[in-house]
Structure formats: C-alpha cells, structure tokens
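The values are calculated or read from the model by the stated rules, or taken from the named source; none is laboratory data. Keep in mind it's a predicted model, so treat the numbers as computed, not measured. With ideal geometry, Cβ positions are generated from the backbone for all residues, glycine too; neighbour counts draw on all protein chains shown. Heads up: the accessible areas ignore ligands, DNA and RNA and are worked out on the full protein's heavy atoms, side chains in. Shrake-Rupley method; radii C 1.70, N 1.55, O 1.52, S 1.80 Å.
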Amino acid sequence: MNRLLKNRVLRQVRSYLPFYLFTFLPFNVAAQQVLTLDSCRAMALRNNKQLSVSRVKQQIATNLRKSARTKYLPHVSALGGYEWTSREISLLSDEQKESLKNIGTTTAASMGGKASQALSNIPESTWQVLGSMGITPQGVSQSLGSLMNGMGTDLNALGSRVVDAFRTDTRNMFAGAVMVTQPVFMGGAIVAVNKMADINEDLAANRAEGQLQNTLFNIDQTYWQVVSLKHKQKLAKGYLELVQKLDSDVKKMIEEGVATRSEGLSVAVRVNEAEMAVTQVSDGLVLSKMLLCQLCGIPYSEGIVLSDEDSEDISGTSGGAAMSDLSAENRPELKMLQNAVDMSHQLTNVLKAGNLPQVALMGGYLVTNPNLYNGYQNKFGGVWNIGVMVRVPLWNWGDVAYKVRAAKGANTIAKLELDDAREKIGLQVNQSTFRVTEASKKLAMANASVDKANENLRTANLGFSEGVISSTTVMEAQTAWLQAQSQKIDAEIEVKLSEVNLQKALGTLR
C-alpha cells in the first residue's frame, strides 16, 4: 500500500514538474542584476567601510580645526569650594586676648594704687578743713574703690567685646570665583596650532581621496577580471565544442576504418582537458563575482551580470581618456607627504614659542564667606579684579632648543621622503604610460594572430574533411586558435588595466 502511494506521488510530481520549471524560471532570470562599471563604482563608494571611516575622520579633523579657533577667544570659567578646619584664623594672640578681657581689672588696680598714694600725700591741714565739711579719708577711699570697681567691670566687658569682634570664624569657609582669560601673545603657539589643525583637516581629505582611488582601482581590476574570465569561459566552451566535434568525427572515422584508435584516444584526452578548462574557468568566474559582490556591498548569493560580459570588443567599450598632462602632483600620497612637511614645520614653531614671553589678560569676580572684605562677617562678599599676566622663560637648560632641533630634523626627514616619493611616482607614471602604449601594440598583434588562427583552423577543418590532413594537425590548429583567442582577451583586458593603472599613477582616477 505504501509503495503504491509513493508511486502515485512520484507520478504527480513528474506531471507538475514542467509547470514548476516554467513558473520559476522567469523569476530566476529576472533576479540577475545587470551591473555596469559605473554602477559597481557607485555601490562600492556607497558601501565601502573604509571610506565611511575616512569620512568620519574628516569630520573629526573639522571639529579639531574648529576647536583650535577657540584658542583666540576669551575663556570663562567658574570655581567654587568649601573647606572645614578644626581651628579658626585668629588675628589676636592668646596673651592679647587675656589682656583685653582683663583690661578693666588691670586699669582699676593701677588707678586704685595711684589714688591711694595721692590720698596719702594730702597734708593733715587739708584733711582738717575737709573734715569740717564731712569728708574723711576713709569716705574718699571707699568712694574711689567703688568707682574703680565699676570702671574695671565696664572695661573688662568692653575688652571682651573687642576680642569677640576680632574673631574670624573661619572654620567653615566658602569661596567662589568667575574668571575670564584672554590670550594676548603666546609666542605664536596659537597661530601655529591653528595652522596644524588646518593641515590636519587637509590631510584627512587627502587620505579619504587616496582611499577612494584605491577602492575604485580595486573595483576596476575586479570588474575587468570578471569580464576576462567570462570571455575565457565562452572561449573554453567554444574550444570544447570544437574538440567534441572532432572527437565525434574521429569516432566515425574509426568505425569506418580510416582512423586509428590511437588518434581517437588523443582527441579524447583533448576533450577531457577542454572540460577541465571549462570547470576551472567557471570556478574562477564564480569566485571573482563573489569578490566583486563583496566590494560592491551586495549579497554573494545575488546573481549579477556585467554589461561588458557579452561585448565582442572589450577594449572599445569605454576608451580611456588621453592623458595630456603627465604630472603626478595631484597624487593623494604626495599631498599627504606635503602635509607631513607642513605639519613638522608648524610643530617647530610651537616648540619655539616655549622660549618666547607669553601675555594674557585676566579678570573676574571673587566671592568668599566669611567676608574677607568686611571684618570676616558670616556673609558672602566679593570683589572685582582685572590684571595682566606675563610669563617670561629665563632658563630651562636648553630643553626647548633641543626639542626645536629634533623637530627640524623631523622636518628634514619629511622633505627627503617627499622628494623620494616624487621621484618614484614620476617613474611609476612613465612606466604606466609605457605599459599603455605596449598594451595597445599587443592588442594589435593579438588581433592579427586571431585572424591568422581563424584562417588556419578553417583550412585545417577543410583539409580534415577532405581527408588530406590528420586529426593531429587539426588539434594543433585548434590549440593555436585557443591561444590566439586567449591572448586577445588578455590583451584587451591589459589595455583596460593599463589605462586604470595610469590614471591611478596620475591621481586622476575618478
């Protein structure tokens, strides 16, 4: 029962299989995306991660340049603090405090002694006269004692109030300030730093331009590699059809007895070699398309077809522009080396500023509690201030001079590297120009070889069909035809790549 059910299902699947193939085949064909060189370049520039990194670095350099501009402007800062101490600041010593607190007692005792001495110096006759008026020495002494005691008490209280008035109560101290600083002359350091920021921004732009050209260079190389492999795949399949036809003809001749089995085996070996070549070039084509997809930022599984795959004349699809100016001064590498020279020069200026005077204006508002400006009251009180700060280096044991010499040495190295790179790039431009001319010559010779190989193959096939040429001669003609066609494809791709190399060497690859 299960076998019958299985056979029925298989019959149904076989009956619907043509319908399924007919239904899904158009979608598979439509899923293939046709890409031109320009579209590949655009996708690569849009999806390349390193280019995105370069753009972010440009933004960083721009922000650093804007930050450097702020060094010219006044800077405002606010400060604040609180401090608790175990003891307060005292304006009076302990001896002075005790003297003030006992000033009344001391004064009363001193005045009391002097008063007693004065009373003792009064003559007896005077006391007799005073006695007639009811004034006695004892009464006067008692009155003076009471007066001195009262005055001493008042003076002691006054002294205590003076001591309390001199208390600072600085165990809890608050302080705050708003400060404004305006650089006037920093020895040229601020100017040099701003120029370095400008150079750094230019360096980031040149680095991004170099990354862009490298990306385009990789895309162009991979694109034309895919085109080359696609043409070689067609060539390999065409060669396979040739040797398969020859193999069929030889087999018929063996059956008729006009060819040997050895000739048949030789042709069969060529068939196997041709099939292996088709497999190898197909695998290489798949891998190259995967690399192109990765560079363009599209999924590997997405089927792509290049617009130049089916072009008969690859070299004529997009002729390279004539290079009238062979100057390579616009190479990003040279510009970056020039940026390094300028950067080292400005660094030398920054270091030289260490031996020059620096002038800055300063101003602000200072507030404290206790109030330092009104008897240490427990209230906030402040004061405005403005001043000029001048810093003049006097002696640093030659530290700045040594640094300046080192920076000048780095500047010399940067100049030498720039000159060396300029010479090498000039040689690269000349070599690339020579390769463009050489590639054009090779293409012309390859086209001539293809014409001869086609004619040779035609006459060999004609002679073989007439029975006057052996299969070995035909295979030799086929091999020569294959080599000529392969060399033509290589020459066409070399023309393209040599043009790309020249544009890369000139820094004009866009």
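Ignoring lysines fewer than eight residues from Lys232 along the same chain, the ones with Cα atoms less than 27 angstrom from its Cα are Lys245, Lys289, Lys441, Lys442, Lys452, Lys488, Lys496, Lys504.
Counting pairs of alpha carbon atoms under 8 Å apart in space and at least six apart in sequence, what relative contact order in percent does the range 177-319 give? Show your work: numbers first, answer last.
Working: 64 pairs, mean separation 39.1, N = 143.
Relative contact order, the range 177-319: 27 percent.
So between Ser146 and Lys245, what do we pick up on full extension, going 0.36 nm a residue minus the alpha carbon distance? Between Ser146 and Lys245, full extension yields an extra 20.4 nm. Applied to the range 431-440, the Karplus parametrisation 6.51 cos²θ - 1.76 cosθ + 1.60 on θ = phi - 60° returns per-residue 3J(HN,Hα) values of 5, 5, 5, 5, 5, 4, 5, 5, 5, 5 Hz, with x for Gly and Pro. For the pair Phe380 and Glu417, a Förster radius of 56 Å applied to the C-beta separation gives a FRET efficiency near 0.35, rounded to the nearest 0.05. Among Ser39, Ser99, the order of accessible area from largest down is Ser99, Ser39, computed with a 1.4 Å probe on protein heavy atoms. Taking Cα centre as origin and charging only the Cβ of basic (Lys, Arg, +1) and acidic (Asp, Glu, -1) residues, the dipole magnitude of the range 257-386 rounds to 1400 debye. Here the 3J(HN,Hα) profile of the range 79-88, calculated from phi with Karplus coefficients 6.51, -1.76 and 1.60 at θ = phi - 60°, is 10, x, x, 9, 9, 10, 10, 6, 10, 9 Hz, Gly and Pro shown as x.
Amide H contacts of Tyr376: Asn371, each under 5 Å away and 5 or more positions distant or on a separate chain (H built 1.01 Å from N in the peptide plane; Pro and chain starts excluded).
Across the range 330-412, C-alpha contacts under 8 Å between residues 6 or more apart give a mean separation that, scaled by the residue count, equals a relative contact order of 34 percent.
The range 243-293 and the range 186-235 have their alpha-carbon centroids 46 Å apart. Using the Karplus relation 6.51 cos²θ - 1.76 cosθ + 1.60 with θ = phi - 60°, the per-residue 3J(HN,Hα) values for the range 90-102 come to 10, 7, 10, 7, 5, 5, 5, 5, 5, 5, 5, 5, 10 Hz, with x marking Gly and Pro.
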